[in-house]
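Let me begin by presenting the structure, written as structure tokens, before commenting on it.
The values are calculated or read from the model by the stated rules, or taken from the named source; none is laboratory data. Because the structure is predicted, anything quoted here is derived from the model rather than measured. Positions of Cβ are backbone-derived with ideal geometry, glycine not excepted, and every protein chain shown enters the neighbour counts.
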Amino acid sequence: MSSHGTGPAPSEDGGRPATVFLTLIALCTAVTAGNIYLAAPLLPLIARDFGSAPSAVTWIASVAQFGYAAGLLFFAPLGDRVNRRPLVAVLSLATTAALTVAAAASGTGALAAAVFVASAATVVPQLLVPMVAERAPADRRARHVAAVIAGLFTGIVAARVLGGLVGQAFGWRWVFVGAAVLTLALGLATAFALPAERRRGTGPLLSGVTALPGLMRRSPGLWRACVRQAGMFGAWSALWTSLALLLTGRPYGLSTATAGLFGLFGLTASAVAPLAGGLVDRFGAEKVVRSAYVLAAVSVPLFWLGGQAMAALFVAAVAIHAALVASHVANQTLALTTTSTPATANTAYVVSGFAGAALASSVAGPAFTHWGWPGVCAVAAVWLAAGWAATAVRR
């Protein structure tokens with residue numbers, strides 16, 4: 001398999017160099033992915049600091065997802081065209097600077113702008129995943145991709161759990177400072193470890209963006225992966241970004257730190273990712289995605305019951321994370337292997353997923369304000385139904 005590089009590539013025979021390299025990429029992915037979700041567990045603290053109602057600042061979590069989608073659209077396709085080593089370094093520095101500005105924000109507008117920039121620049125994982133898929137042996141490709149995805153979901157869990165704890169103890173601003181330090185350290189370390197590459201494309205740097213519509217038309221498999229993950233990720237996002245509002249309000253009345261501990265259920269995703277990778281390698285992506293959608297559909301009524309019964313909320317949290325990561329491993333593996341431009345295909349896939357997530361979470365906030373937790377569950381159900389129905393009717 002071509003590495004498209006001039007420097008030494010980590011070995012692919014399961015030896016120590018490959019293991020260390022994959023571990024570093026997973027750690028970097030965890031930290032950078034967590035940056036997108038820093039604000040979600042901190043919304044009650046941010047609202048209190050700025051004198052707003054918690055439901056009035058939920059849009060900041062949506063801004064982070066829209067920012068990430070924008071960054072994916074413009075930065076991630078560059079992985080097919082330029083040397084990823086300096087690109088990862090520059091993006092890590094930009095993310096660090098934006099997180100620092102967010103920590104010093106004097107109002108919700110300034111905070112949202114900084115969060116948008118930080119999320120747009122924190123697309124490093126989606127530059128690294130295509131490289132992992134390129135270098136992995138064909139019979140272990142999904143498992144290698146799953147290892148990075150496990151890091152991604154671990155970062156999301158850490159953002160919620162550690163963010164809530166640190167925010168409760170020291171204030172929400174210190175959460176952004178800590179994220180800036182970790183991003184700088186791991187981002188630059190990963191950039192240094194990447195193999196040197198030659199420029200692999202010609203023409204305008206943003207030509208990968210203009211190629212996306214045609215790529216989607218020519219690849220039905222990519223199209224299905226994009227739409228199905230948009231539905232799945234949207235359902236998860238609607239529920240998960242609104243969960244702090246449910247847990248800190250009636251009937252539970254938990255503190256921000258205690259509500260943040262609920263994110264530990266997200267570790268389900270990190271545990272399921274390797275299993276999902278093995279299932280995709282053995283049975284194919286289609287069967288895994290279908291099973292994931294069934295599991296997610298079961299979780300929605302459990303979340304609705306969880307508005308009054310904590311036990312149902314526990315089961316639902318495990319189910320939705322297992323469904324999300326299984327679907328993600330299967331759909332992303334499919335997206336990375338259906339075209340000759342994996343970074344551009346990956347951009348189409350992840351932009352679709354985060355666009356679906358951002359739209360769902362932006363609707364979930366008003367739904368919670370007007371109809372409470374059942375309104376949020378209804379949004380999740382609509383996103384799941386739309387994601388599956390749209391792909392079921394197209395050949």
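Annotations for the structure displayed:
- Restricted to segment 216-242, and to residues there that are modelled with pLDDT under 85 and surrounded by 19 or more Cβ atoms within 10 Å (Cβ to Cβ), the residue that is nearest to Phe265 (Cα to Cα) is Trp240.
- Qualifying position, being surrounded by 21 or more Cβ atoms within 10 Å (Cβ to Cβ), at pLDDT below 85, in a helix (DSSP H, G or I) and among the basic types (Lys, Arg), among Arg160, Arg140: Arg160
- Looking across segment 78-95, just one residue is of a type in the set (D, E, K, R), touching a strand residue (DSSP E or B) at 6+ places or on another chain (Cβ under 9 Å) and either outside any helix (DSSP H, G or I) or crowded, with 20+ Cβ neighbours inside 10 Å (or both), and that is Arg84.
- Top-ranked residue of segment 204-215 - restricted to ones that are outside any loop (DSSP other than H, G, I, E, B) and under 18 Å from Ala70 (Cβ atoms), ranked as modelled with the lowest pLDDT: Ser207
- Check on Ala257, more than 20 Å from the chain's Cα centre (by Cα), surrounded by fewer than 24 Cβ atoms within 10 Å (Cβ to Cβ), in a helix (DSSP H, G or I) and at pLDDT below 90: yes
- Taking every residue in segment 101-120 that is in contact (Cβ under 8 Å) with a residue 12 or more places away in the chain and pairing it with any residue that is among the hydroxyl-bearing types (Ser, Thr, Tyr) and assigned to a helix (DSSP H, G or I), at least 6 positions away or on another chain, the pairs with Cβ-Cβ distances below 6 Å are Ala118/Thr95; Ser119/Tyr68.
- Selection status of Gly171, on the phi > 0 side of the Ramachandran plot and in contact with a helix residue (DSSP H, G or I) (Cβ under 9 Å, 6 or more places away or on another chain): yes
- Single residue of segment 41-55 satisfying the filter (modelled with pLDDT of 80 or more and among the aliphatic types (A, V, I, L, M)) that is surrounded by the most Cβ atoms within 10 Å (Cβ to Cβ): Leu42
- Selected residue [closer than 25 Å to Ser62 by Cβ and either in contact with a Leu (Cβ under 7 Å, 6 or more places away or on another chain) or acidic (Asp, Glu) (or both)] from Leu243, Leu247: Leu247
- For the criterion of being part of a helix (DSSP H, G or I), hydrophobic (A, V, I, L, M, F, W, C), modelled with pLDDT of 90 or more and touching a helix residue (DSSP H, G or I) at 6+ places or on another chain (Cβ under 8 Å), Leu184 passes.
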